[in-house]
Each structure stands twice: as structure tokens, then as C-alpha cells.
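Report on one structure; see the data block that follows.
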Amino acid sequence: MKPITEETARERLAALCSRSEHCISQVKEKMYDWGIAPQAQDRIVDYLLAHHYIDEERFARVYIEDKVHYNGWGPRKIAQMLVAKRIDKQVVRNILEEIDPQVFVGQLQPLLRQKQRSVTGKTAYERYCKLVRFALGRGYEMETIRQCLAEVEEDEP
């Protein structure tokens, strides 16, 4: 495969980042795959930041919005995944604090109702534990899980 020049990589990444949000770690990973030298990677990232092709906070906002509304993830899983993408923890924390906690409750309740139909267990406690584990796996906090399970159980015939 023909090596990619720094200029070509910068143009490709600018085009990619103008179509969808990406973070610095994703861009660097792509450049690494292309075999771009570390010094050139830094210059390209500086260019992309200076021309507003990438913005970590903007990426985090879009990522959080997407994962909350389309994937049904809770705040803990979202934060964990953004930290894995090397987004600053304080930026993530600030954005998550802006979200009304009722948004997460509104997302978790239907998930628990749907999951409750398929959960089997010998006792009610066993089924409850399975629902809690499910919600924890989705990244919800225990307080939100308890609140939602109480409301789901009230609706149960």
C-alpha cells in the first residue's frame, strides 16, 4: 500500500470530521493505522483543532445525546466510554450534570418494563436482582434503578 502523505491525511481527516463528529483519539488512531509519523500527527491534530474540525466538548455532547436517546445508556456507562476515548473527565462530568435526571428515568423505565417480560426466576427477589444487574450493565446508578423498579412494580398487574 502506498504511504499517505501528511497533506493527504490532513485533507482526508478534515473531510471526515466535517461529515461527523470525531475526537482526537479517534483521529490519532486513524493516522496511526495510515502510518503517519507522531510529529506529523500532532501537526494535523493542531490544524484540525485550529480550524474547528474537531472539538472534544462538542464531540462529548453529541456522543452523550446519541447514547442516551438511541442506545438507552445510563450516565456511568457513557462516562466510562468517553474516558476510554480519552475525553477529559471534568468535561464529561459537566455535560452529564446538565442533563435532567428525569431523562435517565424516562429512558430506563421502558427498558425495565420490556426486560421484565422476559426475565425468569424462581422468586420475585431473583427476578428483581436480574433487572438490577441489567440496569447496572446499561450504566444506570442504583438510586435511579430503585426508583424505576418501584414504579415498574406498581404498574405490574
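Observations
- Residue match in the stretch 136-156 (condition: more than 19 Å from residue 96 (Cα to Cα), surrounded by 12 or more Cβ atoms within 10 Å (Cβ to Cβ) and more than 27 Å from the chain's Cα centre (by Cα)): yes
- Residue match in the stretch 84-103 (condition: in a helix (DSSP H, G or I) and in contact with a Gly (Cβ under 9 Å, 6 or more places away or on another chain)): no
- In the stretch 102-120, the residues that are closer than 15 Å to residue 133 by Cα reach residues that are of a type in the set (Ser, Thr, Tyr) and outside any helix (DSSP H, G or I) with C-beta atoms within less than 7 angstrom, at least six apart or across chains, in these pairs: 108/140.
- The test for being open to solvent by 80 Å² or more (accessible area, probe 1.4 Å) and under 19 Å from residue 93 (Cα atoms) holds for residue 65.
The values are calculated or read from the model by the stated rules, or taken from the named source; none is laboratory data. Since we're looking at a predicted model, the values are computed, not measured. All Cβ positions, glycine included, derive from the backbone under ideal geometry; neighbour counts span all protein chains shown. The accessibility values were calculated without ligands, DNA or RNA, using every heavy atom of the protein model including side chains. Shrake-Rupley method; radii C 1.70, N 1.55, O 1.52, S 1.80 Å.
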